[in-house]
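Q: Just passing along the structure, written as structure tokens.
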Amino acid sequence: MSEPNPYADGEYKWGPGQQGQTPGTPAYGYPQDATPGYGYPQAGSTPAAGVPYQPTLPGGVPIPPPHAPAGSGAPLLSLGDITVVGDQIITPAGPMPLKGAVWNAMDMSRTEEKMPTVAIVLAIVFFIFCLLGLLFLLMKEKTTTGFIQVTVTSGGRHHATMIPATGPDTIHWVMGQLNFARSLSV
């Protein structure tokens with residue numbers, strides 16, 4: 001693999017070991033003889049050398065705080081992309097005040113009950129052998145599809161989110177969370 005290309009005509013001089021370098025010197029990576037600049041580590045700037053990392057942001061650009069602002073704390077409630085933290089409601093539309101917020105939910109899910117295909121096949125197969133195969137027609141399966149829409153209005157802003165309904169009890173869970181949010185908004 002380190003042999004020269006036998007089909008080269010002598011003009012093509014690109015790639016490792018073809019730039020007139022001595023064997024054993026790296027062809028790729030950091031420049032060996034250049035002074036370090038933007039994008040290359042400075043000498044002694046590694047944490048192992050005892051010098052802390054210096055950010056490479058241009059002058060005048062504020063560095064974001066390493067943690068959340070004071071007074072926020074842990075989230076109290078999260079419904080979809082709506083999160084209640086401290087005395088604020090955080091949404092993608094921006095923060096809203098928690099006090100006086102109006103919470104609403106609308107159930108747009110439905111639960112269907114149908115006979116699975118397996119029950120029909122088993123009923124036909126076992127009907128031939130005995131009449132007890134008809135009992136397979138009593139098999140039912142329930143599937144829940146749709147969403148539950150949660151809306152919050154506060155401070156002149158309005159935000160709505162859709163929570164997927166995974167079962168018939170999803171609306172009860174959402175309403176429990178919503179009642180807790182309503183109690184915090186008083």
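The values are calculated or read from the model by the stated rules, or taken from the named source; none is laboratory data. As the structure is a computational prediction, the values presented were derived from the model and not from experiment. Virtual Cβ from ideal backbone geometry, glycine too; neighbours counted across all protein chains shown. The protein model used for the area step is the full one, side chains on, heavy atoms only, and it has no ligands, DNA or RNA in it. Shrake-Rupley method; radii C 1.70, N 1.55, O 1.52, S 1.80 Å.
Q: Give the calculated FRET efficiency between F126 and W173 to the nearest 0.05, with a Förster radius of 25 Å applied to their Cβ-Cβ distance.
A: Details: r = 40 Å, r/R0 = 1.58.
Taking R0 as 25 Å, the efficiency between F126 and W173 is 0.05.
Q: Rolling a 1.4 angstrom probe over the protein heavy atoms, how many square angstrom per residue are accessible across the range 61-186?
A: 65 Å²
Q: Name the shape class, rounded, prolate or oblate, that the alpha-carbon gyration tensor gives for the range 78-177, where a ≥ b ≥ c are the square roots of its eigenvalues, rounded holds for a/c under 1.5, and otherwise prolate holds if a/b is larger than b/c and oblate otherwise.
A: Details: a/c = 5.36, a/b = 5.01, b/c = 1.07.
Because a/c hits 1.5 or more and a/b exceeds b/c, the range 78-177 counts as prolate.
Q: Could you check the simple spin-label distance between A93 and K142, using points 7 Å along Cα→Cβ, in nm with one decimal?
A: A separation of 3.4 nm, rounded to one decimal place.
Q: For the range 119-186, what relative contact order do you get, as a whole percent, if you take Cα pairs closer than 8 Å and at least 6 residues apart? Show your work: numbers first, answer last.
A: On the way: 57 pairs, mean separation 13.7, N = 68.
In percent, rounded to a whole number, it is 20.
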